[in-house]
Amino acid sequence: MKRVVRASFVVLGLAVAIAMSWGSPVSAAPSGRTVVDMAGRTVVVPDKIEKIAGFRSVGVLNAFIELMGEGSKICHDMPASFTRNDNWRFQYLFAPQIKGAPVLEDASGEILIETVMSVNPDVSFVVNKQTAKLLEDKGLCAIYIAWEELDDVKKAVTLVGEVLNQQAAAADYLVYFDEKVAMANERIGKLGSNEKKTVIYGNVGQLNQPHRIAEWWISQAGGISVTDNGRKEDIYNYEMEDLLKWNPSVIFLASTSSKGDILSDSRFAGIKAVKDDAIYGIPTVAHVWGNRTVEQPLTIFWAMNKLYPELMPREELAKEIRYFYSRFFLYNLSDEQIAEIIDGRKQ
């Protein structure tokens, strides 16, 4: 028996040697690292990552990738739902190669799987488990990210850093995040309870607040959100009579609502924010600042500048914005671009 086994090994070795001499490739097990994503899935990540894709929440995912200094590896353009206006123009500055690159999903969010396979990304980040399974079934590396609670941003940043082999950049950001939130808390601690302004954020013209995360950044900026009722769902719809009763001092508008909508509607005329012209469109840079984004510390400072400019002067806000994108996104904003961000979305 031993002689038979030994002979088999000799034959196998000869076959491999002959194949190599003929120039035929010898397959080998793919190399890579294993990570556990936020769905608890163990995923093999390639050692070498040259092409990165993001699906569904493209703005959020691009921002995570760019935060790691890896924006140059994003291999696709933004879907039509992002390019119908110029709100996302900064994405083409942070990752200029995406302009004109293949689009991997249509305006409705359907994955264009044939295009995906032709691009063949090394790693894909997804926020939908069905998308993760679709890509996985096609043999692609898919990493699921969830951001539901506030602390999920830290888990997600850590995971993206691990996947992209940028653990130091991830750790650096987490220190920055905690330091800036602590700085904001220290400053708003100087406010008396009767000095804090009431705020509403969202699609005010449509009477809804679309993102629960805004309740957090408004409070961190020293505001009192009139929609902060302890809800668990993201979208909160209210009635005009509610808004009139709340009578907020400041209105922060989400990306689908405009100041013109508010000013042209006589129902809003008696609200304090309207009478005082305290209506501001939230900026969109890598992502919409009022939504879940790695730019959240800047959202706090921007809101603080609008609420209490003595606590966050414009000059200091400009320095914070310049520092953030230079340090993490590896992009140096001009003075004009920073002014554009501070002044908020075009109304």
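The values are calculated or read from the model by the stated rules, or taken from the named source; none is laboratory data. Please read all numbers here as calculations on a predicted model, not as lab measurements. FYI the Cβ positions are ideal-geometry reconstructions off the backbone, even for glycines, and counts take in every protein chain you see.
Among the residues of the range 215-230, are any closer than 22 Å to Val127 by Cα, of a type in the set (Val, Ile, Thr) and not assigned by TED's automatic domain parsing to the domain that holds Ala156? Within the range 215-230, not a single residue is closer than 22 Å to Val127 by Cα, of a type in the set (Val, Ile, Thr) and not assigned by TED's automatic domain parsing to the domain that holds Ala156.
Among the residues of the range 285-322, just one is among the basic types (Lys, Arg) and within 16 Å of the chain's Cα centre (by Cα), namely Arg292. Out of (1) under 15 Å from Ala214 (Cα atoms); (2) touching a helix residue (DSSP H, G or I) at 6+ places or on another chain (Cβ under 9 Å), what's the single condition that is false for Ser255? For Ser255, the failing item is (2). Only one of (1) within 22 Å of Leu307 (Cβ to Cβ); (2) under 24 Å from the mean Cα position of the chain (by Cα); (3) hydroxyl-bearing (Ser, Thr, Tyr) fails for Thr198. Which number is that? Exception for Thr198: condition (2). With respect to (1) of a type in the set (Phe, Trp, Tyr); (2) assigned to a helix (DSSP H, G or I); (3) surrounded by 21 or more Cβ atoms within 10 Å (Cβ to Cβ), the lone exception for Trp216 is condition (3). Selection of the range 42-88 for residues being among the small types (Gly, Ala, Ser) and surrounded by fewer than 20 Cβ atoms within 10 Å (Cβ to Cβ) yields Gly69, Ser72, Ala80, Ser81. Somewhere in the range 163-175, is a residue assigned to a helix (DSSP H, G or I), aromatic (Phe, Trp, Tyr), at pLDDT below 95 and within 26 Å of Pro283 (Cβ to Cβ)? Looking through the range 163-175, none of the residues is assigned to a helix (DSSP H, G or I), aromatic (Phe, Trp, Tyr), at pLDDT below 95 and within 26 Å of Pro283 (Cβ to Cβ). With in a helix (DSSP H, G or I), touching a residue at least 12 places away in the same chain (Cβ under 8 Å) and farther than 16 Å from Ile65 by Cβ as the only criterion, which of Leu150, Leu134 stands out? Exactly one of Leu150, Leu134 is in a helix (DSSP H, G or I), touching a residue at least 12 places away in the same chain (Cβ under 8 Å) and farther than 16 Å from Ile65 by Cβ, namely Leu134.
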